[in-house]
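To keep things clear, I will list the structure first and then write my remarks on it.
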Amino acid sequence: MGFERTIEEINEKIRSGKVVVVTAEEIIQMAERDGYDNTFKKVDVVTTGTFGPMCSSGAFINFGHSDPPIKMQKVWLNDVPAYGGIAAVDVYIGATELSETKGFEYGGAHVIEDLISDKPVKLKAISYVTDCYPRREIETYINRKMLNQAYLFNPRNAYQNYVVAVNTSDRTIYTYMGILFPKMANATYCSAGQLSPLINDPFYDTIGIGTKIFLGGAQGFIVWEGTQHAPSVARNERGIPIGGAGTIAVIGDLKTMSRRYIRAAVFERYGVSIYIGLGIPIPILNEKIFKNVLVRDEDIHVPVIDYSVGRRKRPVLGIVNYKQLRSGSITIRGKEIKTAPISSYKMAREIAQELKTWILNGKFFLTNYVHPLPKEQNVKSLDINTIDDLEVEV
Amino acid sequence: MKRDVKGKNQKDVFTKRVMLTFSRRLVSKPVMYRLIKEYDIAINILFAKVLPNETGKLVVEFSSTDEKKIQKGFSFLKSLGVKIEPISKEIIRDEENCIDCGACTSVCRSQALSIDKETFELIFDSNRCVLCEMCIHACPMRAISITF
Ligand code: SF4
Ligand code: SF4
């Protein structure tokens, strides 16, 4: 149809209150009701959302200096170790780090949630003494208002699609995909499907480094490709990767986030993780982008993986789509298996709605990315090498 | 112990839910069959488990149009040495902390927990709950607990 828009035009419409924004779910019904062409011409922005466990998350914090000052070498927040091997009072607290006193029931994710909830957090640090930093240890309480900076910096979030987990063994297994009963008695999946950010822009035409996003109830940014970003995964006829593919690294101000969208999680006999609420607006710049946001649950295929195999490569038992998964059961190898989600579709919906409201109210403007995400790349694996294996021959 | 009238079209049906504990000796005897045949009680076994010491535990729902029949059934069970305990435990979901993820539904074999297909909210139907307590462990928000 040749019709195109620019981000600048969309932002102008946000300013003048004329912008048309719908969620990735609403656009599907709208295109059915009003027709493909009308919908394409009418809609400026489509919002997406997801709310699921994203282990690869954490926060940078700067505490400010005590008197006398300390170079914090080993640091704990509510008995959860934080990484202090950077400047004197900077630390990184990882979401999956476990408490030294409460084990699996409390971890870095809980520290982050407590900070976001404005709760006091116990800070303890020890160190070696130098002329610059004479103090040997410190124990005090902090909250997020007292911190110089506190921002989430999540190396891998918003996986573009994922997998379905089952267990073919004879014993119950405890995984980050939940509790899996023996003999494939249940199956779990974890994606917002048709609402998921990277599923709606499968080739990263609008999503890239510098894109402004919804992160934990605040405005954040994509800062890099996520770790294990693997866009070269096999794709279906719509271009949707069949399994985990693209990922993003994101940043956002913990001080303005809300507990509603950042929640600590405990996976039984697995450990601590964190649910991250994340939403990305997709500007409908051209017809290709428009076609992509019409994706439905039935267009998204996902492999069913046997989690009882404790190896890097686990067997694929079949391929299903999200419509089947949301129906409550799938059939694998002739067996009907009950399905259940791990990520919250209700919250994904809420996030897409919230982001839409921000844009409609002129609180959120769209950005052009400053650099694209890699479009071809595979994930590498780790082999056990000797130094000789890596020695370069001269 | 009275859990009386429930359900939509079952106005005149009495239902009682109890936990039965019985010894090894009884595990293999057709006790339930006799309750159905001789005492005319409808029986719904919600949960069954044989412990390593071969003690059996059953959560059973007894229903009958005549409450006396259920009482007679209980007397019969007691005469066999079966321990009968009313179920007063209850599964509680802390709605403030629930994020409607659905992780708990994956371990609920009795369909007491499910995700609504329209609103995607968690639904808990306590009438179906057999108190297996699996959901307590499966909830990543630790939002499910049990009362005594
Ligand atoms: S205890 Fe939980 S998992 Fe078990 S039946 Fe009741 S609701 Fe379902
Ligand atoms: S697992 Fe917990 S948080 Fe998730 S839906 Fe069930 S009760 Fe709610």
Report summary line: Sorted on mean Cβ neighbours within 10 Å (highest first), peptides A:328-340, A:73-85, A:286-298 come out as A:73-85, A:286-298, A:328-340
Report summary line: Note, the stretch A:317-329: 3J(HN,Hα) by Karplus (6.51, -1.76, 1.60, θ = phi - 60°), whole Hz, Gly/Pro = x, goes 9, x, 10, 10, 10, 6, 5, 4, 4, 6, 6, x, 7
Report task. Please work out the FRET efficiency for the pair A:Ser117 and B:Gln71, using the Cβ-Cβ distance as r and a Förster radius of 45 Å; give the result to the nearest 0.05. Result -> 0.30
Query raised in the report: Can you give the mean number of other chain Cβ atoms that lie within 10 Å of the Cβ atoms in peptide A:51-62?
Result: 1
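Based on the Cβ-Cβ distance from B:Glu121 to A:Arg33, what FRET efficiency comes out when R0 is 30 Å, to the nearest 0.05?
0.75
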Query raised in the report: So who's got an amide H within less than 5 Å of the one on A:Ile209, skipping anything under 5 residues away but keeping other chains? H placed 1.01 Å off N, in plane.
Result: A:Val370, A:His371, A:Leu373
Requested in this report: Using Cβ-Cβ distances only, list the Cys residues of chain B with no partner cysteine under 4.7 Å, sorted by number.
Outcome: B:Cys98, B:Cys101, B:Cys108, B:Cys129, B:Cys132, B:Cys139
Requested in this report: Give a residue-ordered list of calculated ³J(HN,Hα) values for the stretch A:254-265 (Karplus: 6.51 cos²θ - 1.76 cosθ + 1.60, θ = phi - 60°; whole Hz; x for Gly, Pro).
Outcome: 4, 5, 10, 7, 10, 4, 4, 10, 9, 9, 5, 9
Requested in this report: Give a residue-ordered list of calculated ³J(HN,Hα) values for the stretch A:278-286 (Karplus: 6.51 cos²θ - 1.76 cosθ + 1.60, θ = phi - 60°; whole Hz; x for Gly, Pro).
Outcome: 9, x, 10, x, 10, x, 8, 7, 7
Query raised in the report: Going by a ≥ b ≥ c, the root eigenvalues of the Cα gyration tensor, does the stretch A:144-295 fall in the rounded group (a/c under 1.5), the prolate group (a/b larger than b/c) or the oblate group?
Result: oblate
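Does chain A come out rounded, prolate or oblate, given a ≥ b ≥ c as the square roots of the eigenvalues of its C-alpha gyration tensor, rounded meaning a/c under 1.5 and, failing that, prolate meaning a/b above b/c?
oblate
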Report task. Measure off 7 Å from each Cα along the Cα-to-Cβ vector at B:Glu54 and A:Thr331, then give the distance between these two points in nanometres to one decimal. Result -> 4.2
Report task. Compute the acute angle (0 to 90°) between the alpha-carbon long axis of helix A:345-360 and the principal axis of greatest extent of the alpha-carbon atoms of chain A; round to the nearest 10°. Result -> 80
Report summary line: Too long for a 21 Å Cα-Cα cut-off, among A:Lys313/A:Lys335; A:Lys183/A:Lys338; A:Lys71/A:Lys119; A:Lys122/A:Lys255; A:Lys335/B:Lys57, are A:Lys313/A:Lys335; A:Lys71/A:Lys119; A:Lys335/B:Lys57
Report task. For chain A, with a Gaussian network of springs between Cα atoms less than 10 Å apart, report the residue from A:Cys55, A:Cys190, A:Cys132 with the top mean-square fluctuation. Result -> A:Cys132
Query - Formal net charge of residues neighbouring A:Tyr106 (Cβ-Cβ distance under 11 Å; K, R +1; D, E -1) - result: -4
Query raised in the report: How far, in degrees from 0 to 90, does helix B:67-79 lean away from the longest principal axis of the Cα atoms of chain B, to the nearest 10?
Result: 70
Report task. Name the residues whose placed amide hydrogens come within less than 5 Å of the amide hydrogen of A:Gly318, ignoring near sequence neighbours (fewer than 5 apart) on the same chain. Result -> A:Val304
Query raised in the report: Once amide H atoms are built 1.01 Å from N in the peptide plane, which residues 5 or more positions from A:Ile248, or in another chain, come under 5 Å H to H?
Result: A:Asn157, A:Gly226
Query raised in the report: In deg cm²/dmol and to the nearest 500, what is the mean residue ellipticity at 222 nm of the protein assembly as shown if only DSSP H runs of at least 4 residues count, each as -39500 (n - 2.57), divided by the residue total?
Result: -5000 deg cm²/dmol
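All of the numbers you see were taken from the coordinates with simple rules; none came from a lab. All values reported here derive from a predicted model rather than from experimental measurement. Methodologically, a virtual Cβ is constructed for each residue, glycine included, from the backbone with ideal geometry; neighbour enumeration extends over all protein chains shown.
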